[in-house]
Amino acid sequence: MSSITSLQVFANEHFFVDLPYMKKVVSGIRPTGKLHLGNYFGAVKNFIRMQDEFESYFFIADYHSLTTHPTPADLHESVKRVFAEYIALGLDPEKCTLYLQSDLPQTAELYMFFNMNAYLGELQRLTSFKDKIRSQPDNVNAGLLTYPTLMAADILLHKGELVPVGKDQEQHLEMTRTFGNRFNRLYNVEYFPEPQAFNYNEELVKVPGLTGGGKMSKSAGEYDNIYMSDTDEVIRKKIMKAVTVTVDGPTEIGSDIPAPIQNLLELMHLVCTPDVVNHYRSAYYDGSIRFGDMKKQLAEDMCVFMKPFSDRIAEAMSNDTLISKAARQGAEKAAASADTVIKEVREIIGFKKFY
Ligand code: TYM
C-alpha cells in the first residue's frame, strides 16, 4: 500500500491542484502495566514502521484505564512507564505525535457527542463488554459500556484512517465506523472517514499467552506474559513453566496439535528461524518431540530477541528529561489536530457562536 496519495485542492476558480496527502494513523495502549509481547507484535511493531510512512498519532489511553479504578499513584506510574517504553521500543517523537489521551480534553467532548447517538443494545452486544461482565461482575460501570465510543473519539478526533491494533480490537473498529457513519448520516455530511484496523502482515495478530489459554493478557497473570522489559532470567523461568501437555508427542497419529503446544509454536514463529519452527512441528508429529528441549530453544531465542528492548527500556525509564520533553511536545502537536476537528464538529452539530 502506498502511504502517500493526493488530495485535490481548489486553487482558484479555474484550477484544482493535487497536493500530496498522507493517510492518518491513530492508535493507543492502556497504561495497565508493562508492555508485553502481544502489545509489541499486535501494535507497537507496526507503529514503528508507520511513523515513517504516515501522519501518525500514538497515545497512552489513560482515560480508558479508569474503568478498572487504578489508584492515582499506580495510574501516574504506569502512564510514565508506558510512555518511556514507547520511546525505548522505537517510537520517535520527531516522527510521530506521541501523547497522553488525557492531555486532549477534546477527546471527552467528542466521546460525549458520540454517546448521544450510541444505543444500549448495540453497546451491550459487544464481546469485550460481555467478557468484562464475566470477569469483573462487581464493577460493570458505564465507562465499560461506552468503551467503544471513547475509542471512536480517540480515532476520529484526528480523522484517523488506519488503526494498527491486534485482533482483539477488530469489533471496536467496526463500532468506530458505525459511530462515524452515523454522525455523517445524521448531519448529512461526509466528514468522518471509515478507519480500518491495520497490520503490515495483512492479518491482524493474536499472540498467545504461556498458560495455555487464549491471547497473552495482563489479566491472565504474571506467568502468562512475557514483558518487553523482562530479564533473561525471568524469560527463561516463565517459558520453562509454560503449560504443555503431559505426554510428549501426539496421543493419536494424525491428531491435531493441542492448544498449549500450538501456542508455543506460534511464539516460536515470532522469534525463531523458520527451520527451527518446522523442526519442532515435525518432531511433534513423528513423536520425537521433547517439550523441555522445545521450551529451552524458545527461551534462548526469546532472550536474544528481547535483549535490546529490555536494555533500552531501563535506559529510557531513567531519563526523565527525555520523557517529559517528548510528552510536552506531543501534547502540543496532538492538540493542534484535535482543535481543528472539534471546532468543525461543533459547527456541524449546530453549536455556532451568535455572540
Ligand atoms: P490494550 O491496551 O488492551 O492493548 C494495546 C494493543 O495491544 C494489542 N494486543 C495484542 N495484540 C496481539 N496479541 C495479544 N495477545 C495482544 N494483547 C494486546 C491490542 O490489540 C492493542 O492494539 N482499546 C485499546 C486501547 C485503545 C485504542 C484506542 C486502540 C484506546 N483507544 C484507539 C486503538 C485506537 C486497548 O484496550 O488496547
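Could you look through the stretch 190-209, keep only residues that are open to solvent by less than 40 Å² (accessible area, probe 1.4 Å) and away from the ligand (no atom under 11 Å from the Cβ), and pick out the one that is farthest from Pro258 (Cα to Cα)?
Once the filter is applied, the top-ranked residue is Tyr191.
Are any residues in the stretch 129-144 among the polar types (S, T, N, Q) and modelled with pLDDT of 95 or more, and if so, which ones?
Asn139, Asn141
So which pairs qualify, if the first residue must be in the stretch 209-227 and of a type in the set (Gly, Ala, Ser), the second must be within 10 Å of the ligand (Cβ to nearest atom) and open to solvent by less than 20 Å² (accessible area, probe 1.4 Å), the Cβ gap must be under 6 Å, and the two must be at least 6 apart or on different chains?
Sorted first by the residue in the stretch 209-227, then by its partner, the pairs are Gly209/Met216; Gly209/Asp224; Ala220/Gly209.
Give all pairs with beta carbons closer than 6 Å in which a residue from the stretch 23-47 that is without any contact (Cβ under 8 Å) to a residue 60 or more places away in the chain and more than 6 Å from the ligand (Cβ to nearest atom) meets a residue that is of a type outside the set (A, V, I, L, M, F, W, C) and open to solvent by 20 Å² or more (accessible area, probe 1.4 Å); count only pairs at least 6 apart in sequence or on separate chains.
Partner pairs satisfying both residue conditions: Pro31/Ser78.
Say whether the condition of being closer than 23 Å to Ala84 by Cα and either under 22 Å from the mean Cα position of the chain (by Cα) or exposed (fewer than 14 other Cβ atoms within 10 Å of the Cβ) (or both) is met by at least one residue in the stretch 289-304.
yes
Can you run down the residue pairs with Cβ atoms below 8 Å, 6 or more apart or on separate chains, where the first is in the stretch 317-342 and within 22 Å of Val189 (Cβ to Cβ) and touching a residue at least 24 places away in the same chain (Cβ under 8 Å) and the partner is open to solvent by 20 Å² or more (accessible area, probe 1.4 Å) and among the charged types (D, E, K, R)?
Note: pairs meeting the criteria are Val341/Lys159; Ile342/Glu109.
Scan the stretch 226-233 and give yes if some residue there is open to solvent by 30 Å² or more (accessible area, probe 1.4 Å), outside the structural domain of Arg81 (by TED's automatic domain parsing), among the β-branched types (Val, Ile, Thr) and out of contact with any Asp or Glu (no Cβ under 9 Å at 6 or more places or on another chain), otherwise no.
The answer is yes; a qualifying residue exists.
For Leu66, work out the one condition from (1) near the ligand (Cβ under 8 Å from one of its atoms); (2) under 23 Å from Thr146 (Cα atoms); (3) not acidic (Asp, Glu) it doesn't fulfil.
(1)
Show me the strands (runs of 3 or more DSSP E) entirely contained within the stretch 10-99 in which 3 or more residues are surrounded by fewer than 22 Cβ atoms within 10 Å (Cβ to Cβ) and in the same structural domain as Pro195 (by TED's automatic domain parsing).
In the stretch 10-99, 16-22 are the strands (runs of 3 or more DSSP E) which contain 3 or more residues that are surrounded by fewer than 22 Cβ atoms within 10 Å (Cβ to Cβ) and in the same structural domain as Pro195 (by TED's automatic domain parsing).
Does the stretch 123-172 hold any residues that are open to solvent by 70 Å² or more (accessible area, probe 1.4 Å), assigned to a helix (DSSP H, G or I) and either within 10 Å of the ligand (Cβ to nearest atom) or over 24 Å from Gly38 (Cα atoms) (or both), and which are they?
Residues satisfying the conditions are Gln124, Ala142, Lys167, Asp168, Glu170.
Right, Phe183: in contact with a helix residue (DSSP H, G or I) (Cβ under 9 Å, 6 or more places away or on another chain), farther than 29 Å from Ala299 by Cα and touching a residue at least 60 places away in the same chain (Cβ under 8 Å) or not?
Yes: the conditions hold for Phe183.
Quick one: in the stretch 100-110, which of the residues that are surrounded by fewer than 20 Cβ atoms within 10 Å (Cβ to Cβ) and touching a residue at least 24 places away in the same chain (Cβ under 8 Å) is nearest to Lys218 (Cα to Cα)?
So, considering only residues that are surrounded by fewer than 20 Cβ atoms within 10 Å (Cβ to Cβ) and touching a residue at least 24 places away in the same chain (Cβ under 8 Å), the one nearest to Lys218 (Cα to Cα) is Ser102.
Identify the single condition in (1) without any contact (Cβ under 8 Å) to a residue 12 or more places away in the chain; (2) surrounded by 13 or more Cβ atoms within 10 Å (Cβ to Cβ); (3) assigned by TED's automatic domain parsing to the domain that holds Asn188 that His279 does not satisfy, given that it satisfies every other one.
For His279, the failing item is (3).
The values are calculated or read from the model by the stated rules, or taken from the named source; none is laboratory data. Being a predicted model, the structure only gives us computed values, none of them experimental. Here Cβ is always computed from backbone atoms with ideal geometry, including for glycine, and neighbour counts include all displayed protein chains. What goes into the accessible areas is simple: the full protein's heavy atoms, side chains included, and nothing from ligands, DNA or RNA. Shrake-Rupley method; radii C 1.70, N 1.55, O 1.52, S 1.80 Å.
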